[in-house]
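Some notes on the structure that comes next.
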Amino acid sequence: MKTAAPSELYRKLPSVDDVMREPAVRLLAASYGHDSAVDATRAVLARLRREITSGLLDDAALRLALSSVPEAVENELRQALSYSLRPVINATGVILHTNLGRAPLGDAAIDHIRETAASYSNLEFDLAAGARGKRDVHVDRLFQRLLDEEIRSSEAKIMQPASVSTIVVNNNAAAVLLALNTLAEGGEVVVSRGELVEIGGSFRIPDVMAKSGAILREVGTTNRTRGTDYERAITERTRLLLRVHRSNFEITGFTEQASTAELVALARKRGIPLMEDLGSGALFDLRSIGISGEPGVLDSLRSGVDIVSYSGDKLLGGPQAGLISGSSELIARMRSNSLFRALRVDKLTYAAMEATLLAYARKDHDTIPTLRMMRLSKEAIGNRAEALAARVQVPKLKVEIVDGESILGGGAAPSSVLPTRLLALTCEGLSADELSARLRGSEPPVIARVEEGRVLLDLRTVFPGQDAAVVAALHRIAA
């Protein structure tokens, strides 16, 4: 049989007006709007032209495609007019998965966001005075309770600042930018070469320092920097000593790093502030879940660090934000910087942050999803995995339960892992990559890991209420 030339196939394509006259498409236009239906029809016809040009459609295939044009228009409309930002099921075992939105919020935070967004609020209104107020008072009071009192109750011998205060900006990069611009614009900032890090999104410490107007003064080497290196670098132009936590990598072997105590003593001796960029920044003791070597916010402040910057949506378990805690006098200078207004956060972030901090203040840590996931035991996860596996009754799908490791993610404690139990899946007729792709294409999408020819599901990061959706997705795919 002679194959039709592309020019012949093009002539068989209907016009936009012809498609719009179809009864099914007219109903779509009534539901979604005429203009939207026209745009969707044009998109469908353009796709058919591309498929003809590329040789994907012959005469028979084109007839079949044309018979389902109304359905194609409906699918196009649904995709175009539905949300692009969608919830997914995180079965990777990466708790702070940057690509999946990092820390999920607790119920109290979501409720507080809802009530704050749906009404007017006292965001910048002092109810007692009946006058304009400051938006950061809503969370600074809680940070003072969580940080200031803890520091004063510690037995640390280092001279502490008169009081501790905290401000909130839109992310930790903004926090570093604001602190450097406020404290060191036009002057030098001394930092170890081994701490000139780049994290996700091409955020580089030297670049943000340049944007801040501060001058970088590198000391030491990539693997070894001593306290004396910092001291020799100090001049009359030095405005700040900076320590940057290596949030997403480690240097091992022949290494040396000046201790925090050394840098605090040097900063006090020379009258220069010491700032630490923690990146993640925890408000609870990570050693309680078996993770050591990751300094928390309290650890830094107790040791005498003047200013600490960290993220809100990492180990804190709150919304995306950059937090700067430390000396009230230095924080006041940052608050008066015009950059603070440019980098400030909105009422929804304050609502989520306030609810998250209240959970800390009430010692109600398990209401914060990130903390709850980190505290789950290997045995508890294994029991859930066995229960889920028992519900997957599809001959083509093989389900095994194996030992594995979860990770914190988000650049926190890069070498630390949490023991877990994994569901290891193989499906007859599908490669591991194909099975993983079909899981991503389910509703809701299920995001998994692929290792050694198997799809791995870690229930540590799957909410218990999502187990049924995982089972349903597996049944649909393997059936």
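Structure summary
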item	result
Thr420 being at pLDDT 95 or above and in the same structural domain as Asn172 (by TED's automatic domain parsing)	no
Residue within segment 440-458 that is in contact with a Cys (Cβ under 9 Å, 6 or more places away or on another chain) and over 24 Å from Thr370 (Cα atoms) present	no
Which numbered condition Val69 misses (of (1) surrounded by fewer than 17 Cβ atoms within 10 Å (Cβ to Cβ); (2) touching a residue at least 12 places away in the same chain (Cβ under 8 Å))	(1)
Number of the condition not met by Arg42 [criteria: (1) crowded, with 20+ Cβ neighbours inside 10 Å; (2) modelled with pLDDT of 95 or more]	(1)
Cross-chain or 6+ apart pairs with Cβ under 9 Å, segment 106-131 first and in the same structural domain as Lys314 (by TED's automatic domain parsing), then exposed (fewer than 10 other Cβ atoms within 10 Å of the Cβ)	Glu124/Arg132; Phe125/Ala131; Phe125/Arg132; Asp126/Arg132
Residue ID - nearest to Leu48 (Cα to Cα), chosen from residues in segment 72-129 that are surrounded by fewer than 13 Cβ atoms within 10 Å (Cβ to Cβ) and either touching a His at 6+ places or on another chain (Cβ under 6 Å) or among the basic types (Lys, Arg) (or both)	Arg78
Scan of segment 379-411 for residues that are in contact with a Lys or Arg (Cβ under 6 Å, 6 or more places away or on another chain) and closer than 21 Å to Asp285 by Cβ, ordered by number	Ser406, Gly410
Among the candidates Glu405, Glu451, Glu443, Glu386, residue that is within 23 Å of Gly317 (Cβ to Cβ), surrounded by fewer than 15 Cβ atoms within 10 Å (Cβ to Cβ) and not hydrophobic (A, V, I, L, M, F, W, C)	Glu405
Thr356 polar (S, T, N, Q), buried (at least 18 other Cβ atoms within 10 Å of the Cβ) and not assigned by TED's automatic domain parsing to the domain that holds Asn172	no
Selected residue [modelled with pLDDT under 95 and part of a strand (DSSP E or B)] from Leu408, Leu425	Leu408
Selection status of Ala389, modelled with pLDDT of 95 or more, assigned to a helix (DSSP H, G or I), more than 30 Å from Val297 (Cα to Cα) and more than 26 Å from the chain's Cα centre (by Cα)	yes
Residue satisfying condition, being basic (Lys, Arg) and in a strand (DSSP E or B), within set Lys363, Lys398	Lys398
Criterion: within 22 Å of Pro444 (Cα to Cα) and out of contact with any strand residue (DSSP E or B) (no Cβ under 7 Å at 6 or more places or on another chain) - qualifying residue of Leu27, Leu81	Leu81
Segment 264-279 - residue that is in a helix (DSSP H, G or I) and of a type in the set (A, V, I, L, M, F, W, C) and, of those, nearest to Leu357 (Cα to Cα)	Val264
Per-region count, segment 235-258, residues modelled with pLDDT of 80 or more, more than 17 Å from Arg204 (Cα to Cα) and either not charged (D, E, K, R) or not assigned by TED's automatic domain parsing to the domain that holds Gly296 (or both)	4
Qualifying residue in segment 68-84 (condition: under 30 Å from Leu408 (Cα atoms) and either touching an Asp or Glu at 6+ places or on another chain (Cβ under 6 Å) or not acidic (Asp, Glu) (or both))	yes
Subset of segment 94-140 that is among the hydroxyl-bearing types (Ser, Thr, Tyr) and touching a helix residue (DSSP H, G or I) at 6+ places or on another chain (Cβ under 8 Å) - its residue that is nearest to Leu423 (Cα to Cα)	Thr98
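The values are calculated or read from the model by the stated rules, or taken from the named source; none is laboratory data. Predicted model only: the values in this text are computed from it and were never measured. Note: ideal-geometry Cβ built from the backbone for every residue, glycine included; neighbour counts use all protein chains shown.
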